Amino acid sequence: MRNNDVLDRLTFVFRKTLGDPGLILSPGTTAHDVQGWDSLMHINLIVAAEKEFKTRFTTREITALRNIGDLLDLIARKEGAGAPKG
Amino acid sequence: MNDSRTLEYSELARAGRNCDLRGLPQIRVAILSDAATQLLVPLLRELFRRAGLAAEIYEAPFAAIELEAFNAASDFYAFRPEVVVLLNATQALRSSFFQHSAPRDFVDETESRMVGVWDAIRSNSNALILQSTYVAPYERLFGNYDPKLATSWTTAVAELNRCLVASSRERNSVLINDVDAIASWVGRRTWFDERFWDLAKSFCAADHLPSIARNITDIVLAARGRVVKCVVLDLDNTLWGGVVGDDGVDGIQISAHGEGESFHRFQSFLLNLKKRGILLCVCSKNEFAAAIKPFEEHPEMVLRKDDVTIFVANWDNKAENIKRIRETLEIGYDSIVFLDDNPFERDTVRSLLPDVIVPELPEDPADYVKALSELNLFETTNVSLEDGARANLYRAEFARRSAASTFSNFGEYLASLNMMIELERFESSRLGRIAQLLQRSNQFNLTTHRYNERQCEDLMLDTKCMPLYASLRDRFGDHGLISVIVARPDMAKRALQITDWLMSCRVLARGVEEYLMNYVVQQAYENDLDLIIGTYIPTAKNAMVKDFFAKFGFEKVEESPDGIAHWQLRVFDYQPRRTYIQLETKQNALAAEAI
């Protein structure tokens, strides 16, 4: 899957979860940049992203996330590992 | 399932963060937990909103249960909660168990601390307390030997749950929030999400938080009288397999073995509901003669004719029939569950009578009982002996009504009923039923104060107060405890103030309220009081008693814009009402029972 598709889907998930239809995400976006993205919302976002991409992140993966770019990479890695491109 | 009923975590959480609570009556809920509860709060708010309540929620700081409960000056008490949710996580218990030096003492110590919290809350507040059960842990340190070993972690949790539940039985204001039951429904493997416990001390996997929230709202609503009182049943392919009109009595499937067993199990489940006081009615599109036949003739039917309070079989619209059933029973639409295998009928009833509870039934009748159990439709917060007799009472009521038509004058009819009333101050043995009536009576209820059992006990012990209950029986049967009146002398005004007056609607129009008013006025007279003062507080359901005081010659002295009216009557102006009821003293009642 191309990174842009993943970003689109992730944006959709974040908009829905945060209730902010105008939200724009980029790889550099951090929690500080987004209104309402606190530690609790973080869990909601992780849960929603796991559902959307049908994957499960480990505790270490979750704590290592610094920005959207990290999350995109993580999803790409998981997808690559789960369903190798053929 | 339509969207407004979803229990999907993300959707519910979103709805809960943005819900509009304007104009809804408030309920004050405090949550004390040794886990983080922030994720639960929006879910609770949304589920209460769906039930028509604006939840004001106080979240105690993380793991501060005892700090809050034992400090009478805490913010928690200042919040004045009506409901206290005590939510205890197995993960939190785990760390204290494994640090504990003596596993044998662990259960006792933990239990007495938790019960100490209840009792501290009880001495500082009248709130209803909801204590969670601990979810059984997934560790199996000794394998199958775990439950056998008295000191194992598995045993400790099981024992603790058992002790907590037993202690709750001695405390009416403590109800059990059986989280272990909902966790075992989904399974421990998915219930626990240790990542989010580690990262945020979140109680369980987010997907299952809604079921905890629903358990809490179910209990609270039941405690406030929102309970199912009647199940309306379809027949063909709901209560038995096949179509009785086509297949005949011998052709339908209903037996303890084979294909009919699903229906047999379903009928047994319904019979148990009836035994605990939920009325069963039939609403079927059928010829009456064909529809009633299996109840009379089929040897393997579990439900018999006498188990059904109202039997309707015709070709009318089912919503219309349910409307008639409701009118006869004098209960609210929201206390009726309608069960029908036919999606069309379910849909019709849902759209015409939106307050009736119409669950989806699974395609396979084998799953009926399981599906209904998952929905937890039949929550209750107390059980009294009278519950079980209720169905019989209603049937007697119909006999009574048909008898009414054979008398030329109503007084003659009432006299023929041989009504005996028992009228006493509150007493300990009746507090359960008194509180239940206070919670459940909606229509004939002048002020709708929902005192719980503890508050009733306080009234009973208050010597300045006159808290009365009345029971009624007649030649058709015993109605049990049917009316509650609380009055209080106001010496400054030389008045008797009626703060509460409610009555079960099934004894309407036979002179009970007249009898009771005669008694109340007599009490005022004997206590040298000049006035009787009464209050009416309107609700969505009690319009029938709006003019209750006017009927007895009271004058309205004040009415606020929201309809709260104050009435008063001079004792000397009162004209005692003619009734056909005799007072039954306790001695008489005992003698009657002995006969």
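Report yes if some residue within the range B:44-52 is at pLDDT below 95, open to solvent by less than 50 Å² (accessible area, probe 1.4 Å), in a loop (DSSP other than H, G, I, E, B) and out of contact with any His (no Cβ under 6 Å at 6 or more places or on another chain); otherwise report no.
Within the range B:44-52 (the criterion being at pLDDT below 95, open to solvent by less than 50 Å² (accessible area, probe 1.4 Å), in a loop (DSSP other than H, G, I, E, B) and out of contact with any His (no Cβ under 6 Å at 6 or more places or on another chain)), the answer is yes, since at least one residue qualifies.
For residues in the range B:549-571 being within 33 Å of the chain's Cα centre (by Cα) and buried (at least 19 other Cβ atoms within 10 Å of the Cβ), which is nearest to B:Trp501 (Cα to Cα)?
In this case the residue turns out to be B:Phe549.
Can you list the helices (runs of 4 or more DSSP H) lying wholly within the range B:268-370 that have 1 or more residues being in contact with a Ser or Thr (Cβ under 7 Å, 6 or more places away or on another chain) and either open to solvent by less than 20 Å² (accessible area, probe 1.4 Å) or hydrophobic (A, V, I, L, M, F, W, C) (or both)?
B:288-297, B:318-329
Condition (residue is outside any loop (DSSP other than H, G, I, E, B) and touching a Ser or Thr at 6+ places or on another chain (Cβ under 6 Å)) applied to the range B:517-528: is it met by at least one residue?
No, the range B:517-528 has no match at all.
Using beta carbons and a limit of 7 Å, which pairs, at least six apart or on different chains, have the first residue in the range A:6-31 and within 14 Å of chain B (Cβ to nearest Cβ) and small (Gly, Ala, Ser) and the second one open to solvent by 50 Å² or more (accessible area, probe 1.4 Å) and outside any helix (DSSP H, G or I)?
A:Gly19/B:Asn18
So which helices (runs of 4 or more DSSP H) are wholly in the range B:405-467 and hold at least 1 residues that are touching a Leu at 6+ places or on another chain (Cβ under 6 Å) and surrounded by 15 or more Cβ atoms within 10 Å (Cβ to Cβ)?
Filter on the range B:405-467 gives B:431-440, B:453-461.
Quick one: which of B:Asp180, B:Asp198, B:Asp218, B:Asp193 is of a type in the set (Asp, Glu) and closer than 30 Å to B:Ser429 by Cβ?
Criteria check complete, one pass: B:Asp218.
Any chance you could count how many residues in the range B:214-266 are in contact (Cβ under 8 Å) with a residue 24 or more places away in the chain, more than 30 Å from B:Glu82 (Cβ to Cβ), in contact with a strand residue (DSSP E or B) (Cβ under 8 Å, 6 or more places away or on another chain) and not small (Gly, Ala, Ser)?
Looking only at that region, the number is 12.
Just one of (1) touching a residue at least 60 places away in the same chain (Cβ under 8 Å); (2) within 14 Å of another protein chain (Cβ to nearest Cβ); (3) touching a helix residue (DSSP H, G or I) at 6+ places or on another chain (Cβ under 6 Å) trips up B:Arg17, so point out which.
Of (1) touching a residue at least 60 places away in the same chain (Cβ under 8 Å); (2) within 14 Å of another protein chain (Cβ to nearest Cβ); (3) touching a helix residue (DSSP H, G or I) at 6+ places or on another chain (Cβ under 6 Å), only one is false for B:Arg17: (1).
Check B:Gly143, B:Gly116 and return the single one that is open to solvent by 20 Å² or more (accessible area, probe 1.4 Å) and within 34 Å of the chain's Cα centre (by Cα).
One residue alone meets the criteria, B:Gly116.
Going by the conditions given, is B:Leu270 more than 30 Å from B:Thr539 (Cβ to Cβ), within 14 Å of chain A (Cβ to nearest Cβ) and at pLDDT 95 or above?
no
Filter the range B:231-267 for residues that are open to solvent by 50 Å² or more (accessible area, probe 1.4 Å) and within 26 Å of the chain's Cα centre (by Cα) and give the result.
B:Arg265
Can you tell me which residue within the range A:37-80, out of those that are outside any helix (DSSP H, G or I), surrounded by 15 or more Cβ atoms within 10 Å (Cβ to Cβ) and in contact (Cβ under 8 Å) with a residue 12 or more places away in the chain, is farthest from the other protein chains (Cβ to nearest Cβ)?
A:Asn67
Considering B:Tyr580, B:Tyr525, B:Tyr519, B:Tyr574, which residue is in contact (Cβ under 8 Å) with a residue 24 or more places away in the chain, open to solvent by less than 40 Å² (accessible area, probe 1.4 Å) and among the hydroxyl-bearing types (Ser, Thr, Tyr)?
B:Tyr574
Being under 27 Å from B:Thr380 (Cβ atoms) and either within 14 Å of chain A (Cβ to nearest Cβ) or of a type in the set (Phe, Trp, Tyr) (or both) is the filter; apply it to the range B:166-201 and report the residue that is most open to solvent (accessible area, probe 1.4 Å).
B:Trp185
Do we find that B:Ile31 is at negative phi, open to solvent by 10 Å² or more (accessible area, probe 1.4 Å) and more than 14 Å from chain A (Cβ to nearest Cβ) in this structure?
Here the answer is no, as B:Ile31 does not meet what is asked.
I'm checking my understanding of the structure. Among residues of the range B:202-215 that are over 24 Å from B:Ser95 (Cβ atoms) and open to solvent by less than 10 Å² (accessible area, probe 1.4 Å), which one is farthest from the other protein chains (Cβ to nearest Cβ)?
B:Ala213
Do you know which residues across the range B:372-387 are open to solvent by 30 Å² or more (accessible area, probe 1.4 Å) and in a helix (DSSP H, G or I)?
B:Ser373, B:Glu374, B:Leu375, B:Leu385, B:Glu386
Those residues that are crowded, with 16+ Cβ neighbours inside 10 Å, of a type outside the set (Ser, Thr, Tyr) and outside any helix (DSSP H, G or I), I need them from the range A:1-36; list them, please.
Residues satisfying the conditions are A:Leu23, A:Leu25, A:Val34.
Take residues that are more than 21 Å from B:Leu40 (Cβ to Cβ) and tell me which of the helices (runs of 4 or more DSSP H) falling wholly in the range B:64-155 contain 2 or more.
B:75-78, B:90-99, B:103-124
The values are calculated or read from the model by the stated rules, or taken from the named source; none is laboratory data. Small disclaimer: the values here were computed from a predicted structure and weren't measured. As a convention, Cβ positions derive from the backbone with ideal geometry for all residues, glycine included, and neighbour counts pool all protein chains shown. Note: areas computed on protein heavy atoms with side chains; ligands, DNA, RNA excluded. Shrake-Rupley method; radii C 1.70, N 1.55, O 1.52, S 1.80 Å.
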